[in-house]
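Remarks on the structure that follows.
Bear in mind these aren't lab numbers, they're just calculated from the coordinates by the rules spelled out. All values derive from a computational prediction rather than experimental measurement. Cβ sites come from the backbone with ideal geometry, for glycine too, and all protein chains shown count toward neighbours.
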Amino acid sequence: NAKNFPESRSLLDSFTFLVIDGADVSVFSDKQRAALNEWLENGGIIFVGGGAQGAAGYSYFSKWTGLTAGAPYEAADVSPELMSYLSYSGAPTGASAMLCAIEGDALPILGREGTPLIYLLNAGNGLIFETTFSLSDKPLSAFLEKASFFQRLVLLACNTAYMNIVSNMGNYYG
């Protein structure tokens, strides 16, 4: 939330990636937004969730992505597509998911029968993953945690970014 979000890039540098789901970044202070922009454009990785609250997060990042959120709608379980893409062998959730309609010209990295599920876009040297589904709604959020969703997605979609994360881990433990 805006109250606890860092105001300096140096504090943000301690995060491997950020997840923004249902949060309106435009309400952050000027310092917070400047820190976020600098962190992102200098190699940060952000996951922006969709679903019923997609419009809240998408709007701020549209300056980089060109994507805007449309109306939310209920769709069939998305976990089978995620499982296939991530090479995860667990059980699907079996639950429907709220998706956010997307407007823009970007091509998704994962979709289902013409319905986009995940986009990957650049922001300077940083990366923005935008999902049409919420990253925090249950039962999908529990599935994502079990499937190591964020780590697997970065590894599969952009191996170089993943290797940079791993090589910088020594800075925390060494």
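Observations
- Treating r as the C-beta distance of Leu11 and Ala157 and R0 as 25 Å, the FRET efficiency rounds to 0.45.
- D_trans [Stokes-Einstein, Kirkwood Rh over alpha-carbon pairs] for the stretch 1-150, 25 °C, 0.890 mPa s, µm² s⁻¹: 157
- For the chain, calculated [θ]222 nm from helices alone, where every DSSP H run of n ≥ 4 adds -39500 (n - 2.57): -10500 deg cm²/dmol
- For Ala34, the shell of other residues with beta-carbons less than 9 Å away shows a net charge of 0, using +1 for Lys and Arg and -1 for Asp and Glu.
- Restricting the calculation to Cα atoms, every distinct pair contributes to the Kirkwood radius of the stretch 65-124, found to be 12.7 Å.
- Nearest-0.05 FRET efficiency for Asn1 and Thr115, computed from C-beta distance (R0 35 Å): 0.70
- Here the contact order of the chain, divided by its residue count and restricted to Cα pairs under 8 Å and six or more residues apart, works out to 22 percent.
- Net charge dipole size for the chain [Lys, Arg +1 and Asp, Glu -1 on Cβ; Debye, nearest 20]: 340
- Counted as membrane-span-like here are DSSP H helices of the chain whose alpha-carbon atoms extend 18 Å or more along the helix's own axis and whose Kyte-Doolittle mean is -1.0 or above; there are none.
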